[in-house]
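**Student:** Got a structure here, written out as structure tokens. Questions coming.
Readers should treat all values here as calculations from the given coordinates under stated rules, not as data from a laboratory. The model shown is predicted, which means the values in this text are computed figures rather than measured ones. Quick reminder, even Gly has a Cβ in these numbers, built from the backbone with ideal geometry, and neighbours come from all protein chains shown.
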Amino acid sequence: MKRIGILGSTGSIGTQTLELINNNDNFKVCYLSAYSNVELLINQAKKFNPDAVCIVKNSEFLRLKDGLKNFDIEILSGDTGIENLASRNNIDLLLNALVGYSGMVPTLKALESGVDVALANKESLVVGGSIIQKELSKNNAKLFPVDSEHSAIWQCLIGENKNEINKLILTGSGGPFRKLPLSQFNSITKEQALNHPNWDMGSKITIDSATMMNKGFEIIEAYWLFNLPIDKIKVIIHPQSIIHSMVEFIDGSIKAQLGTPNMTIPINFALNYPNRTFNDSYRFDFLKSKSLTFEEPDFKKFKCIKLAYDALKLGGSYPIVLNVVNDICVDAFLNDKISFIEIPNFIDEAMQNHNSTNLTNIESIFNTISETKKYIKDKLIL
Ligand code: NDP
Ligand code: MG
């Protein structure tokens with residue numbers, strides 16, 4: 001039996017994970033967490049009977065405690081509660097489905113404790129790639145990608161020699177504004193941006209998909225996961241989202257992983273690795289599908305992809321600035337404080353005003369995060 005902890009269990013990835021392991025005797029859920037959705041967390045805890053649960057928003061602690069008063073479940077709260085859970089070494093796998101850069105510390109804590117991490121929280125690698133990679137090199141614990149593109153590449157690389165990779169080709173749908181002229185980007189509304197053509201996801205990543213910062217983060221995620229030079233990581237637009245990504249080898253051969261765009265497939269792979277399990281819910285039918293098409297990404301319309309490449313090339317603390325400013329700007333856009341086109345412009349400006357620091361330890365990451373937070377909150381008058 002696999003003992004699993006799920007951080008962010010009330011979100012899109014978290015709930016899909018629990019659906020997959022519902023009634024599955026191969027898994028024991030050891031802990032769950034939410035930010036503020038106390039009702040759902042209580043229901044999940046009653047159903048899966050974990051050893052512990054954590055609510056990050058401290059003001060919800062008493063409601064959670066009251067809701068589970070008849071159950072023998074440890075109740076924790078705050079970021080310290082999450083860190084406590086992530087540091088436990090009595091589990092086999094942590095599924096990190098937190099959203100935003102706050103997911104980085106739990107990833108690190110679990111790896112330090114020798115626990116494998118199924119990683120949905122790509123921001124962990126964007127802000128903490130260098131120290132996470134250091135931890136991976138000295139420890140036995142591993143990262144299993146959950147993000148569909150990285151799961152695809154992972155699956156394509158099984159049995160292959162890394163030195164024989166010519167390039168990784170990350171596919172992206174292009175989001176809801178692929179065909180919208182740049183001249184109309186200034187009138188994009190929140191409702192339009194939240195309406196993704198192929199994927200049903202949490203609101204933060206849906207906005208990141210609309211600006212294509214999601215693809216930018218995925219370039220950085222691929223860089224740290226697969227340890228290849230930046231110029232070997234390419235992006236191609238594939239509007240149907242059937243090919244989830246590809247690897248081109250030195251002999252010209254290309255391997256691709258395909259399937260219906262549904263996150264349960266990569267989640268299931270990460271949960272059960274190195275095995276595959278039966279699931280016939282999302283079969284892809286070639287004969288019923290429309291054609292598979294490909295386009296060049298437009299860096300002028302989707303400046304966020306270029307900003308992510310720039311941040312990765314500049315290195316040091318630049319990817320942290322990219323991530324922190326993006327998180328705050330997406331939140332501001334969702335709260336009607338800034339417009340859609342201002343998101344990349346604020347990030348660009350913040351990167352231009354940033355002096356990089358060497359990320360030697362976790363404190364240097366925290367320092368850059370808090371300096372950047374202050375900078376952008378002052379700018380946005382938040
Ligand atoms: P959601 O917004 O749907 O869920 C996020 C989860 O994290 C919820 O449980 C939420 O709790 C909790 N949470 C939110 N903020 C905090 C915080 N500050 N501290 C601790 N917990 C917090 O996100 P998704 O499931 O869509 O995405 C999770 C991660 O997976 C992201 O990094 C995303 O980029 C990545 N990903 C998602 C995909 C998808 O299809 N959704 C696809 C590929 C990657 P509460 O419910 O209480 O708010
Ligand atoms: Mg993805």
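**Student:** Of all residues in the range 1-30, how many are closer than 23 Å to THR277 by Cα, more than 16 Å from ligand 2 (Cβ to nearest atom) and of a type in the set (Ser, Thr, Tyr)?
**Tutor:** 2
**Student:** If I filter the range 197-243 down to residues being on the phi > 0 side of the Ramachandran plot and crowded, with 17+ Cβ neighbours inside 10 Å, which single residue comes out as farthest from ligand 2 (Cβ to nearest atom)? Give the steps one after another, and end with the answer.
**Tutor:** As a first pass, look at the range 197-243 and keep what is on the phi > 0 side of the Ramachandran plot: 212, 227, 241.
Right, trim to crowded, with 17+ Cβ neighbours inside 10 Å and you get 212, 241.
Details: MET212: 11, SER241: 9 Å.
This residue is MET212.
**Student:** Filter the range 216-261 for residues that are of a type in the set (Ser, Thr, Tyr) and in contact (Cβ under 8 Å) with a residue 60 or more places away in the chain; which is nearest to ILE158 (Cα to Cα)?
**Tutor:** Within the range 216-261, the first condition is being of a type in the set (Ser, Thr, Tyr), and the residues that meet it are 223, 241, 245, 253, 260.
Cutting the leftovers down to in contact (Cβ under 8 Å) with a residue 60 or more places away in the chain gives us 223, 241, 245.
Numbers: TYR223: 17, SER241: 22, SER245: 14 Å.
Here the answer is SER245.
**Student:** Which ones in the range 111-170 are without any contact (Cβ under 8 Å) to a residue 40 or more places away in the chain, in a helix (DSSP H, G or I), more than 15 Å from ligand 2 (Cβ to nearest atom) and not charged (D, E, K, R)?
**Tutor:** Across the range 111-170, the qualifying residues are LEU111, LEU136, SER137, ASN163.
**Student:** Also, quick follow-up: Quick one: THR211 ticks every box in (1) under 24 Å from ASP310 (Cβ atoms); (2) in contact with an Asp or Glu (Cβ under 8 Å, 6 or more places away or on another chain); (3) of a type outside the set (D, E, K, R) bar one, so which box is it?
**Tutor:** (2)
**Student:** Look through the range 167-194, keep the residues that are among the polar types (S, T, N, Q) and surrounded by 15 or more Cβ atoms within 10 Å (Cβ to Cβ), and return whichever of them is farthest from SER151 (Cα to Cα). Let's see the steps before the verdict.
**Tutor:** Of the residues in the range 167-194, the ones among the polar types (S, T, N, Q) are 171, 173, 183-184, 186-187, 189, 192.
Those left that are additionally surrounded by 15 or more Cβ atoms within 10 Å (Cβ to Cβ): 171, 173.
Details: THR171: 12, SER173: 16 Å.
Per the criteria, the residue is SER173.
**Student:** Kindly indicate whether any position in the range 263-280 is among the aromatic types (Phe, Trp, Tyr) and either touching a His at 6+ places or on another chain (Cβ under 6 Å) or surrounded by fewer than 19 Cβ atoms within 10 Å (Cβ to Cβ) (or both). Before the answer, list the steps.
**Tutor:** Just the residues of the range 263-280 that are among the aromatic types (Phe, Trp, Tyr), to begin with: 269, 273, 278.
Restricting the remaining residues to those that are either touching a His at 6+ places or on another chain (Cβ under 6 Å) or surrounded by fewer than 19 Cβ atoms within 10 Å (Cβ to Cβ) (or both) gives 273, 278.
There is at least one residue in the range 263-280 that is among the aromatic types (Phe, Trp, Tyr) and either touching a His at 6+ places or on another chain (Cβ under 6 Å) or surrounded by fewer than 19 Cβ atoms within 10 Å (Cβ to Cβ) (or both).
**Student:** For the range 71-86, what are the residues that are closer than 12 Å to TYR31 by Cα and touching an Asp or Glu at 6+ places or on another chain (Cβ under 8 Å)?
**Tutor:** ILE73, GLU74
**Student:** Can you tell which of ALA141, ALA152 is touching a helix residue (DSSP H, G or I) at 6+ places or on another chain (Cβ under 6 Å) and either crowded, with 24+ Cβ neighbours inside 10 Å or over 26 Å from ILE237 (Cα atoms) (or both)?
**Tutor:** Working: ALA152 fails: touching a helix residue (DSSP H, G or I) at 6+ places or on another chain (Cβ under 6 Å).
Every option except ALA141 fails the conditions.
**Student:** Determine which single condition ALA52 fails, assuming it passes every other condition in (1) within 28 Å of PHE269 (Cα to Cα); (2) surrounded by 21 or more Cβ atoms within 10 Å (Cβ to Cβ).
**Tutor:** For ALA52, the exception is condition (2).
**Student:** Please list, ordered by first then second residue, the pairs with beta carbon atoms under 7 Å, 6 or more apart or interchain, first in the range 85-108 and without any contact (Cβ under 8 Å) to a residue 40 or more places away in the chain, second surrounded by fewer than 22 Cβ atoms within 10 Å (Cβ to Cβ) and in a loop (DSSP other than H, G, I, E, B).
**Tutor:** These pairs meet every condition: SER87/SER113; ASN89/SER113; ASN89/GLY114.
**Student:** May I pose another question? Restricted to the range 21-43, and to residues that are more than 10 Å from ligand 1 (Cβ to nearest atom) and crowded, with 18+ Cβ neighbours inside 10 Å, which residue is farthest from THR107 (Cα to Cα)? Break it down stepwise before answering.
**Tutor:** Let us first name the residues in the range 21-43 that are more than 10 Å from ligand 1 (Cβ to nearest atom), namely 21-31, 42-43.
After this cut, where a residue has to be crowded, with 18+ Cβ neighbours inside 10 Å as well, the list is 21, 27, 29-31, 42.
On the way: ILE21: 21, PHE27: 20, VAL29: 18, CYS30: 16, TYR31: 15, ILE42: 24 Å.
Across the range 21-43, the extreme among qualifying residues is ILE42.
**Student:** Hey, can you tell me all the residues within the range 245-262 that are buried (at least 19 other Cβ atoms within 10 Å of the Cβ) and touching an Asp or Glu at 6+ places or on another chain (Cβ under 6 Å)?
**Tutor:** SER245
**Student:** Could you say which residue among LEU312, LEU307, LEU334 is touching a residue at least 40 places away in the same chain (Cβ under 8 Å) and either closer than 21 Å to ILE131 by Cα or in contact with a Lys or Arg (Cβ under 6 Å, 6 or more places away or on another chain) (or both)?
**Tutor:** Going through LEU312, LEU307, LEU334 in turn, just one is touching a residue at least 40 places away in the same chain (Cβ under 8 Å) and either closer than 21 Å to ILE131 by Cα or in contact with a Lys or Arg (Cβ under 6 Å, 6 or more places away or on another chain) (or both): LEU312.
**Student:** Here's something else I'd like to know. Looking for something within 16 Å of ligand 1 (Cβ to nearest atom) and farther than 25 Å from GLY259 by Cα - is there at least one such residue anywhere in the range 183-190? If you could, list the steps in order and put the result at the bottom.
**Tutor:** Of all residues in the range 183-190, those within 16 Å of ligand 1 (Cβ to nearest atom) come to 190.
Subset that is farther than 25 Å from GLY259 by Cα: 190.
Scanning the range 183-190, I find at least one residue that is within 16 Å of ligand 1 (Cβ to nearest atom) and farther than 25 Å from GLY259 by Cα, so the answer is yes.
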